[in-house]
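Each value in this text was obtained by applying a stated rule to the coordinates, not by laboratory testing. Predicted model, so just to flag it, every value in this text is computed and none were measured. Note that each Cβ is placed from the backbone with ideal geometry, even for glycine, and that neighbours are counted across all protein chains shown.
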Amino acid sequence: MEIPGNEIVVDKYLKVWYQFAATPQWYEPAGSYNIRAQYERDANGNITVRNTLQYRGKSKSISGFLVPTSTPGKFKVKLERAILWFTITADYDVQYVYADENGEYVAAIVGDDKYTYVLCDSLTPSCDLQAKITARLGAEKVKKLNFTAQVC
């Protein structure tokens, strides 16, 4: 089932997400693999995020916070020390989530006109789910995405 981003239940979104595909970004070098993001609440109720990837056999990670805005489904992500000592703040817009028959979120499309991330809660999304995401994004946009290898 496809759910618009402005209707998501935030606590159901808090889990480990595997990046299935994404618009090329400067902080994800070509050849990166095992890209994932873990979202959870800390003791103060804040949403924390830890992004990790592997590149040339080395693991890299960055942590920060996902801050809700006044618009449901739209957040600001603040990554600590993203470049040297600077904190980077960027928009994080959940466009759609896909739920299974139990209502659990199994995939998400995050982004806007400039960037797109396709996230899945498993290492290999189903062919049916891939078809739904391709139909939503459109073939031209899908052609511009880098597909991420997830190596067990």
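Restricting the chymotrypsin sites (Phe, Trp or Tyr not before Pro) of the stretch 1-83 to loop positions (DSSP other than H, G, I, E, B) with no more than 16 neighbouring Cβ atoms within 10 Å leaves TRP26, TYR27. Within the stretch 87-119, report the chymotrypsin sites (Phe, Trp or Tyr not before Pro) that DSSP leaves as loop and that have at most 10 other Cβ atoms within 10 Å. Answer by residue number: there is no such site. Dipole magnitude for the stretch 2-147: computed about the Cα centre from +1 point charges on Lys and Arg Cβ and -1 point charges on Asp and Glu Cβ, it is near 680 debye.
Between ASP42 and ALA131, the FRET efficiency from the beta-carbon distance, with R0 = 35 Å, is close to 0.40. Alpha-carbon geometry of the stretch 1-68: the Rg and the Dmax are 13.7, 39 Å, given in that order. Excluding same-chain neighbours fewer than eight residues apart, the aspartates and glutamates reachable from LYS60 by a Cα-Cα span under 12 Å are GLU28. Between GLU104 and LYS58, the C-beta separation translates, for a Förster distance of 35 Å, into a calculated FRET efficiency of about 0.60. Straightening the chain between SER70 and TYR33 buys 9.9 nm, computed as 0.36 nm per residue apart minus the Cα-Cα spacing.
Basic side chains Lys and Arg get +1 at the Cβ, acidic Asp and Glu get -1 at the Cβ, and with that the dipole of the stretch 3-60 about its Cα centre reaches some 320 debye. Multiplying the residue separation of ASN6 and GLN150 by 0.36 nm and removing their Cα-Cα distance gives an extension gain of 48.9 nm. Kirkwood hydrodynamic radius computed over the chain comes to 15.9 Å, based on all pairs of distinct alpha carbons. Name the residue from GLY138, LEU66, SER32 whose Cα lies farthest towards the positive end of the charge dipole of the stretch 2-147, charges +1 on Cβ of Lys and Arg and -1 on Cβ of Asp and Glu. It is SER32. Can you classify the stretch 24-107 as rounded, prolate or oblate using the Cα gyration tensor, where a ≥ b ≥ c are the square roots of its eigenvalues, rounded means a/c under 1.5, and otherwise it's prolate if a/b beats b/c and oblate if not? Note, shape of the stretch 24-107 comes out oblate. Once the Cβ-Cβ distance of PHE86 and LYS141 is raised to the sixth power relative to R0 = 25 Å, the FRET efficiency obtained is 0.25. Can you find, among VAL16, ALA90, TYR105, the residue sitting farthest towards the positive end of the charge dipole of the chain, where Lys and Arg contribute +1 and Asp and Glu -1 at Cβ? Of VAL16, ALA90, TYR105, it is ALA90.
When the helices of the chain are scored as -39500 (n - 2.57) per DSSP H run of n ≥ 4 and the total is divided over every residue, the value at 222 nm lands at -3000 deg cm²/dmol.
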